[in-house]
1. Can you give the helix-only mean residue ellipticity at 222 nm for chain B, where every DSSP H stretch with n ≥ 4 adds -39500 (n - 2.57) and the sum goes over all residues, rounded to the nearest 500 deg cm²/dmol?
2. Rounded to two decimals, what is the ratio between the C-alpha radius of gyration of segment A:2-123 and 2.2 N^0.38 Å?
3. Taking the dipole about the Cα centre of chain B, with the C-beta of Lys and Arg at +1 and of Asp and Glu at -1, give me whichever of B:W183, B:I78, B:G37 is farthest to the positive side.
4. Let's test this: bin the Cα-Cα distances of the protein assembly as shown at 20 Å from zero up to the farthest pair and state each bin's percent.
5. Say the dipole of segment A:133-200 comes from +1 at the beta carbon of Lys and Arg and -1 at that of Asp and Glu; which of A:H182, A:N161, A:A134 then lies farthest toward its positive end?
6. Could you give the longest part of chain A that holds none of the GluC sites (Glu not before Pro) found in DSSP loops with at most 15 neighbouring Cβ atoms within 10 Å?
7. For segment B:5-123, give the magnitude of the charge dipole about the Cα centre (Cβ charges: +1 Lys/Arg, -1 Asp/Glu; no others), in debye to the nearest 20.
8. Taking trypsin sites (Lys or Arg not before Pro) as candidate sites, keep only those in a DSSP loop with at most 16 other Cβ atoms within 10 Å, then name the longest stretch of chain A containing none of them.
Amino acid sequence: MHNTFENFPKLKRHLYSFLLSVCCMAAAAGISLLYRRCMPKPVCANIVMIFLFFVIVVSGLVNSCLYGIACSVFSLLWLRFLFPPRSGYPVMFFGIIPISVFVNTLTSHLTAQAGMIAEHRRQLEEAEKEKMRANLLRAVSHDLRTPLTAIIGSSTAYLENQSQLSEQEKTAIVKNICKDSHWMVNMVENLLTVTRIQGEDLTVSTDIESVEEVIGEALQKTKIRHPGCIIHTKIPDQFIMLPMDAVLIEQVTLNLLDNALRHSESLAPIELIVEDAPKYVFFTVRDYGRGIPEDILDRLFDGSGRAAPSSDAQGNRGIGLVICETIIRAHHGTLTGHNHGKGAEFTFTLPKEKKESFL
Amino acid sequence: MNPKIKILLIEDDRDIVSFITTSLTVHDYHICNAVTGREGLCLAASLCPDVILLDLGLPDIDGYQVLERLRVWSSVPIIVISAHSEEDEKVTALDLGADDYIIKPFGTAELMARIRTSLRHSFVSVPDRTYRALGLEIDLEKRTVKLNGQIIHLTQTEYQLLALLAQNSGKVLTYRTIIHTIWGPYADNSNQILRVNMANIRRKIEADSAQPQYVFTEVGIGYRMRENENI
C-alpha cells in the first residue's frame, strides 16, 4: 500500500516524460516530412537542425537523460528514412549522441541549481522571520525585567525593613508591587496572543465574528483596567460581521485604547469609531492629548520606537504596537498611526472578505 | 452562629493555595485543600463542600477527568481555575459541567465575586419566575419582557434566547450549549444565527449595543447575563 503510494508520482512523471518526448518527436517528424515534401531542394542540415531543436526541448523539460538519448536515436533513424544513407552517416550518429547527452546534463544541472536557489531563499526568509521573533523576544524580556526588578526591590525592602517602615510607607510599597505586577500581566497577555499567530506564514484562523461584540468586550475590559475613563464610541447601526480571530482583534483594540489612555497625558475623552466601507471596515482610536512624538512617528511599528525611556514601566507602547501591527497584518489589514492636530490617532482596517492566507 | 461555608480547593501550587486560603479565611469561609485530583475527589465525597475550586493542571489526573467524575454524582458549584487563556479549554470545562472559570492570574476581589455568584445559584431552591436587573424585567411565566415598564416585542427565538440566559444569569453559557438548547442538537454549529439574534436583542434592550448592560459577551466562549437581582 505504502509502496504504491511512493511509486505513484514517479510513474506519473515517467508517463509525462514519455508523452512529451513522443509529442516532440512526432512534431519534429511532421515538420521535417512537410519540409522534405514541400521544398524543391531540401537540405539535410536543416532537418538535423529541426531535430536538434526538439531534442534540446525534450532534454530541457524532462529530468531523465534516457529520453533525450532515445529521441536522438529516433531522429537519426528518421533522418535515415528521409535521406537515404550516405557516407557521413556514422559520423553524424556519433556526433549527435554526445550533444544530446551534454545538453541533458546541462539542463538537469540547471534544474538542480534552480531548486537549490529556491531552497536557499526559503532559508533566508525563515532566518528573517526567526530574527524578527528573536528581536521581539529580546525587547519583551528587556521590558519584563524592569517591572520585575521593581517588584523584587520593593518586596525585599519591605521584608528587610518591616520594623522601621510606617504603615503608610508599607501600603505605598505594596501598591507599587501590585501596579507592576498588573502591568506584567498585560505584557504576558500580549505575548500569549502572539503565539496564536501561526509560525511560518503568519496566519490566523479566522471565524465570522460580530464587530460590536468584540468592541464591546474590549471596552468593558478597558473600563475595568482604567476606572472612570470616558470613551465615546461611534459604531454603525447596522450589524457587521467580519472574518477575524476575535481574541486577537480584541487585544489590538485593548492595546490601542490602553495606549490612548496612558500616553495622551490628557483627561479628554477618547473616541472609538467604527466605519463601514465597501471592502474594509475601519476602526479608529483617537485621543486628544499630546500626540505621538515626532521622532518616533516613522518607526512606530518596528519595536524600537519606545515612547518613553525603558526605565519607565509605562513604556510598553512600542511592544504593544509591534504586536498590534503583526496581528493586523496577519488579518490582511493595515494599521496606521499619525497625529491629527489635537492628538494621536490610530486606525486599523479589516477586510470584509476572507482572503487566502499569504503574506 | 451560622455554620461556615465550606470551600474545597483542589490545587497543587503552594503559593496559590496559601494566597487563596488566607483571603478566604479572612472572609469567613472554611477552606480545605487537596493537592492531587484523587485526594480532591475523596474530600469532595466526604466533606460535601458548598463550592469547589478546581485547578485544571493537577499532578496525578487530568482536571477535566476530576470534573467529569464529580459531575456524575454531585451538582455542587465548581469554579475552574485555569492557567491558560485558550478559549477551547474554557469551553470544554464549561461543557463538562463547570459553573464558572477564572484565569490565573486573578485578584481576591474577582475570586470572591465568583464564589458569591455560584453560592447564590446553589442556594436558590425554587427560582423566582421573574428576572429583574436594572430596568429590565422578564416574566418567565407570562413570557413578557419589559424595559423600564415598557413592553419589548421579541420574536419567538429572541425570547427563548433571552429567557435561557436569564434563567442562568451570572453564568457563562457556551455558544454550543445555547445553540443545542434552542435550535436542537442537529443545528449547524456555526454561531452566525446566534450572533444575529443576539444583535437584534441588543438593539431592542440595550441603550448602546457596543457597551451592553444586560447580556455580556465572552469573546470566543459564549454569553453571560447580568445577575438576577430578584433572588
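Derivation of every value follows stated rules applied to the coordinates shown; laboratory data play no part. No experiment lies behind these values; they were computed from the predicted model shown. Glycine gets a Cβ as well: all are built from the backbone with ideal geometry, and neighbour counts include every protein chain shown.
1. Helix-only estimate at 222 nm: -12500 deg cm²/dmol.
2. Numbers: Rg = 17.4 Å, N = 122, 2.2 N^0.38 = 13.7 Å.
The reported ratio for this selection is 1.27.
3. B:W183
4. Using 20 Å bins, I get a P(r) of 15, 36, 24, 14, 9, 1, 0 for the protein assembly as shown.
5. My answer, from the dipole projection, is A:A134.
6. On the way: sites that count: A:E200, A:E265, A:E353, A:E356.
Of all site-free stretches, the longest is A:1-199.
7. On the way: 10 positive and 19 negative charges, 102 e Å.
For this selection, approximately 480 debye.
8. Numbers: sites that count: A:R86, A:K279, A:R290, A:K342, A:K352, A:K354, A:K355.
Segment A:87-278 is the longest.
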